[in-house]
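Here the structure comes first, spelled out in structure tokens, and everything after it is commentary.
The values are calculated or read from the model by the stated rules, or taken from the named source; none is laboratory data. Worth saying up front: this structure is predicted, and the values here are computed from it rather than measured. Here Cβ is always computed from backbone atoms with ideal geometry, including for glycine, and neighbour counts include all displayed protein chains. When the accessible area is computed, the model is the full protein with side chains, heavy atoms only, and any ligands, DNA or RNA have been set aside. Shrake-Rupley method; radii C 1.70, N 1.55, O 1.52, S 1.80 Å.
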Amino acid sequence: MNPGDRVRVDRADRTYEGVLLPSSTDDHLVVKLEGGYNVGVDRDGADVELLEEDVYEIDGDTAGEEESVSEIEFDDDLPTISLISTGGTIASTVDYRTGAVTAQFDAEDVLRAVPDLAGRANYRGRVVANILSENMEPPLWQDLARAVSEEIEAGADGVVVMHGTDTMQYSASALAFMLETPVPIVFTGSQRSADRPSSDNVMNAVSAVETAKSDCAEVLVCMHGSESDDVCALHRGTRVRKNHTSRRDAFETVGAEPLGEVEYETEAVTFRREYQERDEVELELAETLESDVELVKFTPGMDPAFLDVVEGAAGLVIEGTGLGHVHTDLIPRIEELIEDGTTVVMTSQCLEGRVCDRVYDTGRDLLEAGVVEAGDTLPGTAKVKLMWTLEHSEDVEEAMGTSLAGEIQERSVPWE
């Protein structure tokens with residue numbers, strides 16, 4: 001019995017039938033099922049029946065051979081795109097000891113995993129981190145911003161950042177504030193790992209590269225725009241939100257249609273609204289952040305003592321109700337925080353619309369206490385913006401109320 005043989009495996013009242021694959025451990029069998037999924041089975045107690053030999057040709061033992069190297073030939077007629085990896089599902093494999101998806105790939109592995117990228121551009125690969133995105137932290141945003149800046153300085157015509165989807169919107173916002181960019185910076189990821197037949201990694205990666213070759217020199221998020229493999233949506237990095245845990249079209253631009261899209265079949269990149277054009281600005285990096293900023297969601301019944309946790313913090317963003325409200329009993333504690341030097345910014349937990357604390361008494365009391373309004377800035381974006389603004393603006397209130405990177409829309413109206 002060898003890799004490439006079709007087998008039937010019986011263990012613990014379960015039967016698996018498919019093609020035997022190489023395993024990274026002697027303790028487990030790896031079988032590719034008919035539906036395309038892979039499964040790991042503990043060898044201990046497993047009954048294996050050989051059904052057919054050599055169904056697929058699979059490379060044998062490579063021990064002692066030279067390590068495979070991804071060689072990328074440069075073509076003077078093609079643009080140069082920098083692929084920066086931070087980990088995430090788009091750069092993941094399955095750990096068959098646990099059945100969980102873990103970040104494994106470096107940037108060259110991404111090129112090997114997505115051969116459809118070949119011939120579209122010259123590529124440079126760089127690894128900034130190899131983590132799942134829930135482990136992303138502000139210092140890594142700074143590392144990422146510096147890496148992107150260095151790649152652009154070195155001549156990259158565009159940058160694609162491979163990133164986990166769960167916190168992609170935060171990282172995209174961070175780079176939108178940190179960088180003035182003369183070229184496209186495109187975040188992309190995958191909702192489903194490469195071992196799944198419904199994986200979105202190839203289409204997202206290809207569409208991101210095509211976008212990085214475009215004329216839109218902004219920080220964008222490129223992900224599936226529908227449930228089908230027909231179009232990827234292009235979202236401005238400061239206006240995007242992940243709105244579904246597992247759908248491939250999980251990302252949405254809040255309060256508007258996406259900025260643009262990529263037709264996968266034709267590879268056409270189009271935009272609906274104005275954008276910053278390529279080479280319109282000089283490259284500028286301002287990566288310092290005030291990390292002592294928290295984001296708190298107000299809920300009915302919240303104890304004012306809950307805010308003691310943020311006492312002494314440099315900044316606090318509150319997700320208020322509706323137009324930007326909290327329980328009246330919280331206002332004195334918020335005022336104390338402000339008097340002690342904490343900048344408190346109000347956003348709304350509503351998905352669309354902007355805060356306006358001049359309509360009701362509670363809002364007026366919050367303004368009188370010194371709370372800063374953030375318009376229709378998304379709460380997560382507001383946190384990142386406040387971290388950046390506290391370091392780079394003399395008038396934080398004015399900056400939080402001004403659109404610096406497309407985070408505040410001119411009007412809040414239904415778009416569907």
I'd like to know if region 5-15 contains one or more residues that are acidic (Asp, Glu), in a strand (DSSP E or B), modelled with pLDDT of 85 or more and open to solvent by less than 60 Å² (accessible area, probe 1.4 Å). yes
Check VAL202, VAL240, VAL209, VAL254 and return the single one that is touching a strand residue (DSSP E or B) at 6+ places or on another chain (Cβ under 8 Å) and within 22 Å of ALA121 (Cα to Cα). VAL209
Inspect region 260-268 for any residue being hydrophobic (A, V, I, L, M, F, W, C) and without any contact (Cβ under 8 Å) to a residue 60 or more places away in the chain and give the result as yes or no. yes
Out of (1) buried (at least 21 other Cβ atoms within 10 Å of the Cβ); (2) touching a residue at least 60 places away in the same chain (Cβ under 8 Å), the odd one out for LEU390 is which? (1)
Which count do you get for residues in region 120-139 that are part of a helix (DSSP H, G or I) and either open to solvent by 40 Å² or more (accessible area, probe 1.4 Å) or charged (D, E, K, R) (or both)? 3
When (1) of a type in the set (Val, Ile, Thr); (2) open to solvent by less than 10 Å² (accessible area, probe 1.4 Å); (3) touching a Ser or Thr at 6+ places or on another chain (Cβ under 6 Å) are applied to VAL221, the one that fails is (3)
Going by the conditions given, is VAL281 closer than 27 Å to PRO258 by Cβ, open to solvent by less than 30 Å² (accessible area, probe 1.4 Å), in contact with a strand residue (DSSP E or B) (Cβ under 8 Å, 6 or more places away or on another chain) and at pLDDT 95 or above? no
Filtering region 110-155 down to residues that are more than 18 Å from the chain's Cα centre (by Cα) and polar (S, T, N, Q), which residue is modelled with the highest pLDDT? SER149
Looking only at region 237-270, and only at residues there that are touching a Ser or Thr at 6+ places or on another chain (Cβ under 7 Å) and in a strand (DSSP E or B), the one that is surrounded by the most Cβ atoms within 10 Å (Cβ to Cβ): VAL240
Determine if region 207-216 includes at least one residue that is more than 20 Å from LEU179 (Cα to Cα), crowded, with 24+ Cβ neighbours inside 10 Å, touching a helix residue (DSSP H, G or I) at 6+ places or on another chain (Cβ under 8 Å) and not polar (S, T, N, Q). no
Kindly list the number of the only condition in (1) of a type outside the set (Asp, Glu); (2) at pLDDT 95 or above; (3) buried (at least 24 other Cβ atoms within 10 Å of the Cβ) that fails for PRO182. (3)
Cβ-Cβ under 6 Å, sequence separation 6+ or interchain: first residue in region 137-148 and touching a residue at least 40 places away in the same chain (Cβ under 8 Å) and within 14 Å of SER291 (Cα to Cα), partner surrounded by 18 or more Cβ atoms within 10 Å (Cβ to Cβ) and of a type outside the set (Ser, Thr, Tyr). Which pairs? PRO138/LEU289; LEU140/ALA129; TRP141/ALA174; GLN142/GLU287
Restricted to region 207-221, and to residues that are in contact (Cβ under 8 Å) with a residue 60 or more places away in the chain and part of a strand (DSSP E or B), which residue is nearest to LEU78 (Cα to Cα)? CYS216
Could we say that GLN191 is modelled with pLDDT of 95 or more, closer than 25 Å to ARG248 by Cα, in contact with a His (Cβ under 9 Å, 6 or more places away or on another chain) and open to solvent by 10 Å² or more (accessible area, probe 1.4 Å) here? no
Restricted to region 290-343, and to residues that are of a type in the set (Asp, Glu) and in contact (Cβ under 8 Å) with a residue 40 or more places away in the chain, which residue is least open to solvent (accessible area, probe 1.4 Å)? GLU319
